[in-house]
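> Quick one: this structure, given as structure tokens, is what I'll be asking you about.
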Amino acid sequence: MSKPQITIKDIARELGVSPSTVSRALKDNPDISQETRDAIHKYAREHNYKPNVLALNLRTSRSNTIGVIIPQLVHHFFSCVLSGIERTAAEAGYNILRAVGFPVAGPEVITCPTCGRTQYPCTEIANEVEKRLQGYKKSIKVAVMGCVVNGPGEAREADIGIAGGKGEAVLFIHGKPIKKLTGDNILDQFMDEIYKL
């Protein structure tokens, strides 16, 4: 499992300043002392802080979303390319909206662009679900979402999905939470639930 993304509030708590001070310091606001700005920038760098892209989008009224359409994730090439696109886009402050393949019978796996609330390897799990569902004939939408805050609502069109948290995931069907999946085998539990549909 990957480490959870730190937030402005985490930095503020650790350095004993307010979240608004951290926010202004990260934007190099001259109202914040140079010493405080340097300390906040240093801590943010050392802990791999990345701004919450969705929050920035709300403030700027821009989506910063890139659409990527690929034929299928059957070949390792496409999953590598998609991972590279997602990583590069995230570093530049962009979200990825992906579409895979043409409408055909069989499962469709959807996932969200990850954000600062993501506390588990959402993209990796989505890729593994796609691999495991190869050859599965039933036409279903399967969602792998990054957080329990927005995941079930954003993927309410999915027949089944999970939204991750620290060491657990919420299983939902048509946007309604059903139960929690916990332990080291969340992916296996999720696959069992998919096959029950």
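The values are calculated or read from the model by the stated rules, or taken from the named source; none is laboratory data. Please read all numbers here as calculations on a predicted model, not as lab measurements. Every residue, glycine as well, gets a Cβ built from its backbone with ideal geometry; the counts of neighbours run over all protein chains shown.
> Please determine whether any residue of region 121-133 is at pLDDT 75 or above, closer than 21 Å to Met191 by Cβ and not in a helix (DSSP H, G or I). Steps first, please.
Narrowing region 121-133 to residues at pLDDT 75 or above: 122-133.
Now drop any that are not closer than 21 Å to Met191 by Cβ, which leaves 122-133.
If we keep only those that are not in a helix (DSSP H, G or I) too, we end up with 133.
Yes, some residue in region 121-133 is at pLDDT 75 or above, closer than 21 Å to Met191 by Cβ and not in a helix (DSSP H, G or I).
> If you don't mind, there's one more thing I want to ask. Mind listing whichever residues of region 151-197 are in a loop (DSSP other than H, G, I, E, B) and without any contact (Cβ under 8 Å) to a residue 24 or more places away in the chain?
Step one: list which residues in region 151-197 are in a loop (DSSP other than H, G, I, E, B), which gives 155-159, 166-167, 174-175, 183-185, 197.
Answer for region 151-197, where residues must be in a loop (DSSP other than H, G, I, E, B) and without any contact (Cβ under 8 Å) to a residue 24 or more places away in the chain: Arg156, Glu157, His174, Gly175, Gly183, Asp184, Asn185.
> Can you name every residue in region 99-115 that is over 21 Å from Met191 (Cβ atoms), surrounded by 14 or more Cβ atoms within 10 Å (Cβ to Cβ) and either out of contact with any Cys (no Cβ under 9 Å at 6 or more places or on another chain) or modelled with pLDDT of 80 or more (or both)?
Result: Pro113, single match.
> Please go through region 49-59 and pick out each residue that is modelled with pLDDT of 70 or more and of a type outside the set (A, V, I, L, M, F, W, C).
Tyr49, Lys50, Pro51, Asn52, Arg59
> I would also like to ask the following. When the residues of region 138-150 are narrowed to those that are modelled with pLDDT of 85 or more and surrounded by fewer than 21 Cβ atoms within 10 Å (Cβ to Cβ), which ends up nearest to the chain's Cα centre (by Cα)? It would help to see each step written out before you state the result.
Taking region 138-150 first, the residues modelled with pLDDT of 85 or more are 138-144.
Checking the rest, the ones that are also surrounded by fewer than 21 Cβ atoms within 10 Å (Cβ to Cβ) come to 138-141.
Numbers: Lys138: 26, Ser139: 24, Ile140: 21, Lys141: 18 Å.
Filtering first and then ranking leaves Lys141.
> Starting from residues that are exposed (fewer than 10 other Cβ atoms within 10 Å of the Cβ) and modelled with pLDDT of 80 or more, keep the ones in region 60-91 and report whichever is nearest to Glu128 (Cα to Cα).
Gly67
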